[in-house]
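Only one structure is covered here, and it is reproduced in the block below.
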Amino acid sequence: MKITILTDNKKSWVLPYVKTIHNKLSKDHAVSHVYNIRDVEESDVLFILSCEKIVTKKQLNICKNNIVIHPSELPKGRGWSPVAWQILEDKNFIPMSLFEAEAAVDSGDIYIVDYIELQGTELNEEIKHLQGIKTVEMAIAYISKWPMVGKPQEDYESTYYKRRGLDSSELDINKSIEENFNLLRVVDNNRYPAFFYKDGVKYIIKIYNK
């Protein structure tokens, strides 16, 4: 098989796990990794992993199957930052859906559903690590069973998460640490650290565990 992996952010958290997928699949298949959709050549399978730009229908037509791994139980939780939103909803059981990419975001047929289970103590890096390990497992499982027949999503159950921005990391200083804790779990200490305003002054908080 010819397999291409697309990640359009060269600083993405998923890159170490993409490398693992590449190394595992390269033993039996021709695998390439690209950072721009324009560099995708005709392939049996295109993995679209942690991409920030939407791939158009014309671009999807290049490959036989176009695969996304999204951490929610689709069609619920379509959209942006589903892990963060679910943790903020106080959830520790995070479903993950491997599905066929379509022009409409997160709407394609589902091939595999799995999950990660959190203890409620993990911080952002640990959460991403568990998500990355499961991403590798699901990608390998899909290729081992390719081609697969997917199950259509039920559109009437669909829900959407909005995009999170830098202002999404603002703490409410009128709430306790306990009440702010899930937000502290999902902030990134370097890219989008937690912060709050006091008397017009902005303060940044970074969180670590031991």
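Among the residues of this structure, K175 does not count as one that is part of a loop (DSSP other than H, G, I, E, B), charged (D, E, K, R), more than 15 Å from P82 (Cα to Cα) and modelled with pLDDT under 95. Candidates I140, I112, I116: the one that is under 30 Å from V31 (Cα atoms) and part of a helix (DSSP H, G or I) is I140. Is it fair to say V68 is in contact with a Leu (Cβ under 8 Å, 6 or more places away or on another chain), assigned to a strand (DSSP E or B) and open to solvent by 50 Å² or more (accessible area, probe 1.4 Å)? Criteria not met by V68.
Being open to solvent by 30 Å² or more (accessible area, probe 1.4 Å) and in contact (Cβ under 8 Å) with a residue 24 or more places away in the chain is true for just one of M148, M138. Which residue is that?
Every option except M148 fails the conditions.
Please state which of the following conditions N36 fails to meet, knowing it meets all the rest: (1) out of contact with any strand residue (DSSP E or B) (no Cβ under 6 Å at 6 or more places or on another chain); (2) surrounded by 16 or more Cβ atoms within 10 Å (Cβ to Cβ). The one condition N36 does not meet is (2).
In region 78-105, the qualifying residues are those that are open to solvent by 20 Å² or more (accessible area, probe 1.4 Å), in a loop (DSSP other than H, G, I, E, B) and without any contact (Cβ under 8 Å) to a residue 60 or more places away in the chain, and the one that is farthest from F47 (Cα to Cα) is E89. Count of region 172-196 residues, restricted to those that are without any contact (Cβ under 8 Å) to a residue 12 or more places away in the chain and either open to solvent by 70 Å² or more (accessible area, probe 1.4 Å) or in contact with a Phe, Trp or Tyr (Cβ under 8 Å, 6 or more places away or on another chain) (or both), is 7.
Report yes if some residue within region 156-171 is at pLDDT below 95, open to solvent by less than 100 Å² (accessible area, probe 1.4 Å) and acidic (D, E); otherwise report no. Checked against the condition, which is being at pLDDT below 95, open to solvent by less than 100 Å² (accessible area, probe 1.4 Å) and acidic (D, E), region 156-171 yields at least one hit.
Taking residues in region 5-18 that are closer than 16 Å to H70 by Cβ, and partners anywhere that are charged (D, E, K, R) and modelled with pLDDT of 95 or more, the pairs with Cβ atoms closer than 7 Å and at least 6 places apart or on different chains are W13/K128. Here E42 meets the list (1) in contact with a Cys (Cβ under 8 Å, 6 or more places away or on another chain); (2) open to solvent by less than 40 Å² (accessible area, probe 1.4 Å) almost entirely, failing just condition (2).
The values are calculated or read from the model by the stated rules, or taken from the named source; none is laboratory data. Since we're looking at a predicted model, the values are computed, not measured. Backbone-built Cβ (ideal geometry, glycine too); neighbour counts: all protein chains shown. These accessible areas exclude ligands, DNA and RNA; they are computed on the full protein's heavy atoms, side chains included. Shrake-Rupley method; radii C 1.70, N 1.55, O 1.52, S 1.80 Å.
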